[in-house]
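The next block holds one structure in the form of structure tokens; read it before the comments.
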Amino acid sequence: MSQVAALVISPRDNVATALEPLDGGQTIVIGGQSITVVEPTPRGHKIALRLIRKGEEVWKYGSSIGTATHDIKPGARVHTHNLASSRGRGDLHGTTAEEPRIAEPPDLSPVTGKTAQ
């Protein structure tokens, strides 16, 4: 078992990514917070850091990855059974699978690296 069982990148995140298989009933510490894992969670899967209400956005690595389809208890596995993903979907924002959304990079100054005014 590793020293760090799960990874959180951003303070905005409400899920952590398991860095190893987690057992139900296992207690892990993330950012000084103790969380009891509710159910077996495979490596690479997500667990809720706090209660996530139905309809609330799920945040991983500082980005919204979808919406909770049910209330998700702290320590519960977050996956397709309780998350409607917004990633890799061509039906959002009027696009189709044949027309992927491509974000334009910000116009950065070559000197300062800051957004041009």
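Amide H contacts of Gln26: Val37, each under 5 Å away and 5 or more positions distant or on a separate chain (H built 1.01 Å from N in the peptide plane; Pro and chain starts excluded). Counting 0.36 nm for each residue step from Leu7 to Lys54 and taking away their Cα separation leaves a gain of 14.6 nm. For Gln26, what charge total do you get from the other residues with a beta carbon under 11 Å from its beta carbon, if Lys and Arg give +1 and Asp and Glu give -1? Once all neighbours under 11 Å are counted, the net charge is -3.
Extension gain for the segment Ser64 to Gln26, taken as residue separation times 0.36 nm less the Cα-Cα distance, is 11.0 nm to one decimal.
Values quoted throughout were computed directly from the atomic coordinates according to the rules given, and no laboratory measurement underlies them. Bear in mind the structure is a predicted one, so any value in this text is a computation, not a measurement. Every residue, glycine among them, receives a Cβ derived from its backbone with ideal geometry; neighbour counts consider all protein chains shown.
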